[in-house]
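Where a number appears in this text, it was derived from the coordinates with a stated rule and is not lab data. Just so it is clear, the model here is predicted, and its values are computed rather than measured. As a convention, Cβ positions derive from the backbone with ideal geometry for all residues, glycine included, and neighbour counts pool all protein chains shown.
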Amino acid sequence: MIRILLADDHALLREGLKKSFESAGDEVVGEASNGEEAVAMAGELSPQVVLMDLSMPVMDGIEATRRIREAHPGVRVAVLTMHDDIDKTRDAISAGASAYLSKGTSFAEVRETVVRVAEGDTVLSPAIAGAMLTTIHDTADKDDLLSDRQIEILQAIADGMSTKQAGRYLGITTKTVHNHLNAIYRKLDAQSLTHAVLSAVRMGIINLDSNETETV
């Protein structure tokens, strides 16, 4: 069971999502009709995942995502929006969102994404990753920046594995994977797994296979 906060200014959409999530065995702990409410409820209700729209009154979803992630780093945000604009995608990911979905996405895919986000994964399509690479800047010389193990972990994630799958593939625990990721964040000056992967791709440390259907 996942604790979810819905943030969208359309009441009918929230109602439909709430029924679907509850039918799947999850708990919708609250509903916010604007970004300001979402920020307040994230602190009060401690959801695991906030399913966030971008276009809302009072405060938009990008600013709400940024504030939630800064104040409550344990709360994850998955964006569900009508916007396919890559600039908004980039801004949402930069603000700390762990996933970006279109409202045309099936509920099954939305729920699968929310599950992965709750487990600590980042869900990012190669198309979004490729577009975001143009704004990621090198932070250090690539030579000897990361250890061989850290490169293996980032490459596995870029190839579409979750952190758990990467651990099994490399024969290490998920905790060890996350310890390496924390070190990677410091070395690459990255604020999220997404930024770490994209920075490493741009610097030539790992490769992003554009033929993959999804990455973490």
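For the ranges 181-194, 12-25, what's the packing order if you count other beta-carbon atoms within 10 Å of each residue, average per peptide, and put the highest first?
Numbers: 181-194: 17.6, 12-25: 14.0.
Peptide ranking by packing, descending: 181-194, 12-25.
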Exercise for the section: Describe numerically, in nm with one decimal, the distance between label points set 7 Å from Cα along Cα→Cβ at I172 and at L45. Expected result: 3.7
Exercise for the section: Starting from the Cα coordinates of the stretch 36-99, work out the convex hull volume and express it per residue in Å³. Expected result: 67
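Dividing the convex hull volume of the Cα atoms of the stretch 3-121 by its residue count, what figure in Å³ per residue is obtained? Intermediate values should be presented prior to the final figure.
Numbers: hull volume 10.1 nm³, N = 119.
It is 85 Å³ per residue.
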Handout entry: J(HN,Hα) series, the stretch 159-168, from Karplus relation 6.51 cos²θ - 1.76 cosθ + 1.60, nearest Hz, glycine and proline x
Key = 7, x, 7, 7, 5, 5, 5, 4, x, 5
